[in-house]
Amino acid sequence: MKTHSKKSIRLSLAAASCALVGANVAVAENAHDVGDWDVSAALLFYNEADRVTAAEPVIKAVKQLDTDETLSLKLTLDTLTGASGSGAVPTDRPQTYTTPSGNSSYTVNAGDIPLDESFKDTRVALNAAWERPISKDLTMVLGGNLSSEYDYQSLSANTSFAWDTNGGNTTWMAGASAGVDSIDPVGGKPIAFGVMQEADATQPRDGSNDTKSLFDVIVGVTQVVDQNSLFQLNYSLSQSSGYLTDPYKIISVVDPVTGRPLFTNINEPNLPTVVYENRPDSRLKHSIFGQYKRYIGGDVLDASYRLMVDDWGITSHTIDLRYRWKMGDTLYIEPHVRVYQQSAADFYTPFFVDGTQPLAGNDKVEASADYRLGEFNGYTFGAELGQETANNSWSVALEYYLQTGNEPDGTFGELTRQELYPDVDAVMLRVVYDF
């Protein structure tokens, strides 16, 4: 039940399946009369080698309330099982870790990346959106989202406006969303940099839950370049505050001479010294997104670029390329390539050298060994096969994802013989049907 791990994976699920459901619905809506429901269903399987497995069914229904007014409802159910990286470093001997509940433990073999195999959860999410015109050239959307899982609940509301100018060739857009999340970690919220104890012992947790708030705004413009192409440019700002720490991530404390994780507990000789992470209590992100689409003799080129910077010190670049080849009157195939590059957060700390770790309870210091906050590159390759008709559509997509990171600076001793930032690869299968 790793909150931030699940969030990261679910962002991938949303991009891969939920967004596609919405896209297919938009294609079919024009073929339905007022009062009709247009229903789309999607199913995504996501599997990381030796790590997380996820299954996410999604169903979305859109009702034509009027010729230009719609109500959209979407239900998402996802399940996550497998093993999740804890942040601890591998070493040349077995290591035993206590599970988040504090009631049991698990052992990692010598040389293996510490993974917690108790990672599992189920989430249910409901989204609703109402779209209607305010005037001839101005359209409004109001929406809300509610999701719940074992240790995490989220509630948010959003609105956006689209204004057509220049004879409909230019569309200006602005939107905002606000939400609040409640986090109730298994075993209670850990004390910053508290030392993990053996199973059934008192853990450094205060037993409380916590919350975080989120606020996002986006402004943009879409311009028709000519009869075959258009360009979109967006700027978005995202502010989150409150409890942003992952309550299940830990940091190893290593010997200053050998580089091996410290083993100092005489009651549990394989229990390494690890402390719980602590992240800043706020994050401000800025993003610029540009997208170009061109119709080429029945085919469609779709290219986009996103730049993101935040006050955690992370800068990321994303290039996304798709080309939809038309095959006959209704069939198409769409190859897809995505490249992502990210710098490390200012407080990314792959390990602590004994004597340098902050004291337990010192929440003025930030540190995390979560590899997703380190420097890495991500590559996605795949293709989608689909068919679109006047009444329904379907598609099947298969994609491969590879994440490669750089070994952290400052390694020594035993650490130089271990792979601290291993590659992560995953396979995604997505099936969508609109009926």
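Values quoted throughout were computed directly from the atomic coordinates according to the rules given, and no laboratory measurement underlies them. Computed from a predicted model, the values in this text were never measured in an experiment. Cβ: placed from backbone, ideal geometry, glycine included. Neighbour counts: every protein chain shown.
Taking 2.2 N^0.38 Å as the expected size of a compact globular protein, what ratio does the Cα radius of gyration of the range 126-175 give against it, to two decimals?
1.54
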(request) Write down the radius of gyration of the range 76-173 and its Dmax, each obtained from C-alpha positions, in Å. (result) 23.7, 70
(message) Please report the net charge: other residues with Cβ closer than 9 Å to the Cβ of Val300, K and R +1, D and E -1.
(response) +2
(request) Net charge near Arg132: determine it from the other residues with C-beta under 10 Å of the C-beta of Arg132, scoring Lys and Arg +1 and Asp and Glu -1. (result) -4
(request) Determine the equivalent ellipsoid of the range 351-393 by diagonalising the alpha-carbon gyration tensor, then write out the semi-axes as square roots of 5 times the eigenvalues, largest first, rounded to whole Å. (result) 50, 15, 6
(request) Please report, in debye to the nearest 20, how large the charge dipole of the chain is about its Cα centre when each Lys and Arg carries +1 at its beta carbon and each Asp and Glu carries -1 there. (result) 340
(request) Would you pull out the residues with amide H under 5 Å of Ala192's amide H, same chain only if 5 or more places away, H placed 1.01 Å from N? (result) Gly361
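At a threshold of 8 angstrom on Cα-Cα distance, excluding pairs fewer than six apart, so keeping six or more, what relative contact order does the chain reach in percent?
14
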(request) May I ask you to work out the translational diffusion coefficient for the range 379-435 at 37 °C, viscosity 0.692 mPa s, via Stokes-Einstein with Rh from the Kirkwood sum over Cα pairs, reported in whole µm²/s? (result) 225
(message) Rg over Rh of the range 282-373, using C-alpha atoms and the Kirkwood radius, what does it come to?
(response) 1.25
(request) Would you please give the residues with an amide H less than 5 Å from that of Val52, counting only those at least 5 places away or on a separate chain, with H modeled from the backbone geometry? (result) Ala83
(request) Output ³J(HN,Hα) for the range 198-203: one whole-Hz value per residue in order, computed from phi by the Karplus curve 6.51 cos²θ - 1.76 cosθ + 1.60 with θ = phi - 60°, and x for Gly and Pro. (result) 5, 4, 6, 8, 5, 8
(request) Give me the angle, in degrees from 0 to 90, between the Cα long axis of helix 3-13 and the longest principal axis of the Cα atoms of the chain, rounded to the nearest 10. (result) 30
(message) Could you work out the percent of alpha carbon pairs in the range 313-435 separated by over 19 Å, rounded to a whole number?
(response) 63
(message) Around Gly111, under 14 Å between beta carbons, what's the net of Lys plus Arg minus Asp minus Glu among the other residues?
(response) -2
(request) Give the Kirkwood hydrodynamic radius (Å, one decimal) of the range 135-253, defined as one over the mean of 1/r across all pairs of different Cα atoms. (result) 17.9
(message) Per residue of the range 386-399, what does 6.51 cos²θ - 1.76 cosθ + 1.60 with θ = phi - 60° give for ³J(HN,Hα)? Whole Hz please, x for Gly and Pro, Karplus curve as stated.
(response) x, 9, 10, 10, 5, 10, 7, 7, 8, 7, 10, 10, 10, 9
(request) Return the sequence-ordered ³J(HN,Hα) values of the range 243-253 in whole Hz as given by the Karplus equation 6.51 cos²θ - 1.76 cosθ + 1.60 applied to θ = phi - 60°, using x for Gly and Pro. (result) 8, 9, 6, 8, x, 10, 8, 10, 10, 6, 10
(message) Quick check on the chain: what does the Kirkwood estimate of hydrodynamic radius come out to from the alpha carbon pairs, in Å?
(response) 23.7
(message) Beyond a 24 Å Cα-Cα separation, which of these cross-linked pairs lie in this structure: Lys212/Lys285; Lys120/Lys212; Lys136/Lys293; Lys63/Lys293?
(response) Lys136/Lys293; Lys63/Lys293
